[in-house]
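Values quoted throughout were computed directly from the atomic coordinates according to the rules given, and no laboratory measurement underlies them. For clarity, every value in this text was computed on a predicted model and none was experimentally measured. Using ideal geometry, Cβ is built from the backbone for each residue, glycine included, and neighbour counts are taken over all protein chains shown.
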Amino acid sequence: MKRVGLLVLTLMLLLTGCRRYAGILPYAREIEDMELIRTLGVDQAGEDEVAVTASGGSSQEETEVVSSRAGTISAAVLALQGEGSSYLYFGHVTQLLLGEGLARRGVMASLDYVLRDVEMRLETALYLVRDGTAARAIGAAAADGSATDRLEALADDAGLTAGSMPRTVKDVLAELDRQGASFLPAVLPDSGLTAAGYGILKDGALVGWAEGDAALGVNLIFGRVDADVVEVTALDGTRTALRVVGAATSVKPVWQGDTLTGLKVHCQVEANLAEGTAMPDEATLTALEEELACTEAGRMAQALELSRTLDADYLGLRHSAAFRTPWRKEALLGENGMAGLTLEATAQAAIQRSYHADG
Amino acid sequence: MDQRHTGGQTHPHPLREPRYPGAITLARLEEIFRDCVDFVRRTVWVGDQPGRSLTLCYLSGMVRMERISDYLLRPMAQDQTLAQCPGVVQMMERMRQGALYNLTVEERDRLDQVVFDLVSGWCVFLFPGETTVLSCFVGTEEKRSVSAPDNETVLKGAKDAFVESIRTNTSIVRRHLKAPELRIQEQTVGRQSATLVDILYIEGITNPHLVEQVAAQLRDIDIDGVFSTGAIEEYIVPAASTPFPLIQYTERSDRFCAGLAQGRVGVLIDGIPLGYLAPAALGNFLQAPQDKSSNWLLATVLTVLRYFCMFTTLLLPALYIAMVTFHQEMIPTRLALSIIAAKQNVPFRSAFEVIVLLLAFEILQEAGLRLPQSIGQTVSIIGGLVVGSAAVEAKIVSPAVLIVVAVAGIAGYTMPSQELGGALRIWRFVLVLLSSWAGLFGTVIGAAVLIVHLAGIESFGVPYLTPFAVGTGHNPREHVLLRRPMPQIKDRPSALKPRNRRKQR
């Protein structure tokens, strides 16, 4: 009886709220008292401060944008908490936007915050705001829906448009740690958050942009081309649309003795005839394939040229080569420099079928 | 006045043996059955000689009058050889040997026996000057006819459910199991009710230690009477400190017989239309009667579904509280936003809402059970639909909580065993309280304690979590989670330690 009484008293003690200070048990907080932050933006504010902009709400339709600034992201987030009556919950942040100014100074502090914060997730998608700030981008998007919805749509369409592929904080952190460089998708600070290629990071700071064909080359090297359309001219002069439906890339190191002199990137492209005549004859088909291969090789070459110019292995080519020749792993991964290497891009295209009814 | 109370309990009161000592006399019988309006005594002449008279005693209502008249009184009146017997002893012997047409005629020499014969529907002939009597079974067989089971209905299968008469039940079992090796041992339980309890098993298959264990548990029962199933269940189940059932019951005779053929021990209780099977593990309570009649694939899917429902009814409310109150990051964003929208303006905390609704659910269920069926349905409709929807509209409870509690409740109804469902309901409350205290941490602690608890209990030597937690050393092909096709199940469950493991060619 005494034991039962003791147990009841212990349970009653647990209900008093004293447990909050025990530090062992999780902290209870009702979900209806929260506002779920879904998009977070970080910008450089002046010389020593950062500005944090958060977008979210307590319903799917409602979007509220709040912002604050402080010396660190943690302090700025704490200042945000004090602004409203609801608790801002960052466990559902799915996108992190970094302003260009901040990225040029360095992104490691922002990524480190995500890594350390108990609510933030490493799976958060990371975006760079080109020619603007994250606050401006979030504000512009909020005026026409929400930044979250727009960025989610952008990520969903990445394979279709081949414009920019989503990258997570985990991807970028791992690549920066492994190869000293990485890339992340960029958006413009307009209401539609238009995709603007990729920003290239080296040693934790923004050093360049991959845009246009170079961005498409990045997608090709990573095989993220689900439905890219390439327009080529057939032998008879008609414009033909080829839908690229797959790409597989391999990286082969070039050695001179024991010295690495270059890397050959070869891409096997699969495409379908989307528009034009029905399935053409063999000669026309071969010509179309060659022209497609030439186009895709050119795109990849632009992406590789950026790597060489910036001396940043942001595509992870050395690692890909090391997978192919693991016995020379040390020589390949001993350094990250790309400036002294000859980077060659080749492509081979295969047109599988035509969408035409007769094809 | 000599009762001394120690610790709130009275002293043991050992059973007096014999209960009615002394010689068998009419005066003694009249004294024992004094103030009993149904006690009847009648003087009967043998033949037409008033000097040869016997005394017939019986309890009216317990005997069938036609039997006494036709099988006992008629031959006594008409059989001249009885009247011509030289002495009472010879007459008694002649009656016992066949002069009476009754099937059962026994000689009794103890008053105890005679008294219990009378209350069991026997009639007694007292012979003048003799210390022994003749006792004839002429009991009435008024009973409910064998009918289809009410609670364990199946589309395909036998329709002969157990009834209240133990002898009818044993006959039903005999009809299903014609093996001469079927053994039926009988014991009497209850000082006042003197209820017959039969132990059934198949010799050569059932582990004799198991039989002895059950018999010993029955022998140890010394209670007033068997008026409910708990009177036997709670005494023969070795570990009573658990809400989980440790002995399986069924009203289906075919299921009972299948259990006996498996190597389990059956118990039948007079007056209770159920058959008990021991031992029973957790898996037995998740099998429905129609599983063996259904296609093996369908039965497997339904069994897996029942296990899923078991976890749902047990964990869903606790997980809801944990996720909504402590671990909001676990909820998909859009669902979290829906929950937030639904909970706006609801004044109560999530844990309180869940606990109150669970209690309301239990109250509704209890009210529905206690009332007649037609009113019970009305209560369910008013309580469940009207009050539920009104509470949601009035923002007293949130729709999400209502859905969680309703889903958990309905999932609990898929349990084939009501006892298991009841145990899960109790543990559901425990997990909800732990979850309200420490979120997933508390839920996991509760689940771990539950697993440890289940792993620690046994039913007649068989671990309760067999075969999940206990390796039997054999490939378990019996139906637990997956039901294999019957031709592939060649062995009896090894956990039962049957004398003969193989059950088919």
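Tabulated results
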item: Radius of gyration, Dmax [the protein assembly as shown; alpha carbons; angstrom]; result: 42.6, 139
item: Lys, Arg +1 and Asp, Glu -1 on Cβ, resulting dipole of the stretch A:214-354 about Cα centre, debye, nearest 20; result: 520 debye
item: Considering only the protein assembly as shown, percent of DSSP beta bridges that pair antiparallel, nearest 5; result: 80 percent
item: Largest-first ellipsoid semi-axes for chain B, taking √(5λ) over the Cα gyration tensor eigenvalues, angstrom; result: 57, 27, 22
item: Radius, Kirkwood style, for the stretch B:160-202 when every pair of distinct Cα atoms is counted (Å); result: 11.3 Å
item: Degrees between helix A:2-14 axis and first principal axis of chain A (Cα, 0 to 90, nearest 10); result: 60 degrees
item: Given B:K143/B:K497; B:K143/B:K490; A:K202/A:K264; A:K170/B:K395; B:K143/B:K503, the pairs whose alpha carbons are separated by over 31 Å; result: B:K143/B:K497; B:K143/B:K490; A:K170/B:K395; B:K143/B:K503
item: Loop sites in the stretch B:100-205: GluC sites (Glu not before Pro), DSSP, at most 12 other Cβ within 10 Å; result: B:E141, B:E142, B:E181
item: The stretch B:247-330: proportion of alpha-carbon pairs further apart than 14 angstrom, %; result: 71 percent
item: Between 0 and 90°, nearest 10: helix B:399-412 axis offset from chain B longest Cα axis; result: 30 degrees
item: Percent of beta bridges antiparallel (DSSP, the stretch A:214-354, rounded to nearest 5); result: 65 percent
item: Angle between chain B longest axis and helix B:296-321 axis [Cα atoms, degrees, rounded to 10]; result: 60 degrees
item: The stretch A:214-354: relative contact order as a whole-number percent, Cα under 8 Å and 6+ apart; result: 31 percent
item: Average partner coverage of B:433-444, which counts Cβ from other chains inside 10 Å; result: 3
item: Neighbouring partner chain Cβ atoms per residue of B:328-340, average, 10 Å criterion; result: 6
item: Chain A: C-alpha gyration tensor shape, a/c 1.5 cut-off, then a/b vs b/c; result: prolate
item: Taking the C-alpha atoms of the stretch A:28-211, convex hull volume expressed per residue in Å³; result: 109 Å³
item: Ranking of A:H92, A:H319 by count of other Cβ atoms within 10 Å, fewest first; result: A:H319, A:H92
item: Highest to lowest packing among B:59-70, B:344-355, B:77-88, scored as the average C-beta count within 10 Å; result: B:344-355, B:59-70, B:77-88
item: Shielding of A:27-37 by partner chains, average beta-carbon count, 10 Å; result: 6
item: Candidates per chymotrypsin sites (Phe, Trp or Tyr not before Pro) in the stretch B:77-151, loop by DSSP, up to 16 other Cβ within 10 Å; result: B:Y101
item: Over the stretch B:322-478, relative contact order from alpha-carbon pairs under 8 Å, at least 6 apart, %; result: 25 percent
item: 5 angstrom amide H check on A:L343, placed H, neighbours 5+ away; result: A:L263
item: Relative contact order (%) - the stretch B:166-280, alpha-carbon pairs under 8 angstrom, separation at least six; result: 30 percent
item: For the stretch B:213-230 versus the stretch B:48-62, the gap between their alpha-carbon centres in whole angstrom; result: 36 Å
item: Cα centroid of the stretch B:326-403 to Cα centroid of the stretch A:252-277, whole Å; result: 62 Å
item: Cα extents of the stretch B:84-218 along the three principal axes, largest first (Å); result: 64, 34, 32
item: Fraction of beta bridges assigned by DSSP in the stretch A:24-177 that are antiparallel (%, nearest 5); result: 60 percent
item: Sites excluded, GluC sites (Glu not before Pro) in DSSP loops with at most 16 other C-beta within 10 Å, longest stretch of chain A; result: A:124-334
item: Cα centroid of the stretch A:283-348 to Cα centroid of the stretch A:186-223, whole Å; result: 17 Å
item: Reduced Cα scattering model of the stretch B:328-399, Debye log10 I(q)/I(0), q = 0.12 Å⁻¹; result: -0.42
item: Where the Cα pairs of the stretch B:296-462 fall when distances are cut into 5 Å bins, in %; result: 1, 8, 15, 18, 19, 16, 12, 7, 3, 1, 0
item: Radius of gyration and Dmax over the Cα atoms of the stretch B:166-280, both given in Å; result: 13.1, 38
